[in-house]
1. Would it be correct to say that LEU6 is farther than 15 Å from THR108 by Cβ, in contact (Cβ under 8 Å) with a residue 24 or more places away in the chain and in contact with a strand residue (DSSP E or B) (Cβ under 9 Å, 6 or more places away or on another chain)?
2. Among the residues of the stretch 94-114 satisfying the criterion of being without any contact (Cβ under 8 Å) to a residue 60 or more places away in the chain and not in a loop (DSSP other than H, G, I, E, B), which is surrounded by the fewest Cβ atoms within 10 Å (Cβ to Cβ)?
3. Which number in (1) closer than 28 Å to ARG93 by Cα; (2) surrounded by fewer than 17 Cβ atoms within 10 Å (Cβ to Cβ); (3) of a type in the set (S, T, N, Q) marks the one condition that THR48 misses?
Amino acid sequence: MPKNILTSNFVQFGPKKENCYPAGSELEVGTDIDADLANELLEKGAATDVSPKKAAAADKAAANKAPPTLDEFKAAVAKLTPGEEKHWTKDGRPDCFALESVGGITVTAALRDALWQEANPA
């Protein structure tokens with residue numbers, strides 16, 4: 001069983017598809033993702049098993065890429081189509097995959113939620 005996997009494609013999973021990981025995300029098996037799903041992604045070629053050395057390199061590369069700014073996030077959201085189910089979660093937040101494929105930014109679900117909250121204060 002792999003200890004860590006590195007996604008080669010955008011991955012979205014969970015009961016409500018709330019877990020969003022862009023390509024290049026390192027996931028810890030047993031913590032971030034369950035073993036069965038990790039093995040399924042490996043079999044489909046959507047992820048690779050990474051050694052600690054490769055994982056450290058992936059972390060360094062991810063750290064060098066700055067997350068999108070609030071203005072970049074707002075611009076990406078503006079590119080999404082209102083009413084298009086694939087662009088939005090059931091509770092009205094922008095879908096991570098749509099933000100990447102349509103909006104041109106890469107965000108995790110946690111970052112999307114933080115930027116969404118900042119863009120839409122209560």
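1. Numbers: farther than 15 Å from THR108 by Cβ: no; in contact (Cβ under 8 Å) with a residue 24 or more places away in the chain: yes; in contact with a strand residue (DSSP E or B) (Cβ under 9 Å, 6 or more places away or on another chain): yes.
In short, no.
2. If we filter the stretch 94-114 for residues that are without any contact (Cβ under 8 Å) to a residue 60 or more places away in the chain, which is where we start, we get 94, 98-99, 102-105, 110-111, 113-114.
Now restrict to residues that are not in a loop (DSSP other than H, G, I, E, B): 94, 98-99, 110-111, 113-114.
Numbers: PRO94: 24, ALA98: 21, LEU99: 26, ALA110: 10, LEU111: 17, ASP113: 16, ALA114: 15.
Among them, the one singled out is ALA110.
3. Of the numbered conditions (1) closer than 28 Å to ARG93 by Cα; (2) surrounded by fewer than 17 Cβ atoms within 10 Å (Cβ to Cβ); (3) of a type in the set (S, T, N, Q), the odd one out for THR48 is (1).
Each reported figure results from applying straightforward, stated rules to the coordinates on display, with no laboratory input. Predicted, not measured: the structure shown is a model, and the values here were computed from it. With ideal geometry, Cβ positions are generated from the backbone for all residues, glycine too; neighbour counts draw on all protein chains shown.
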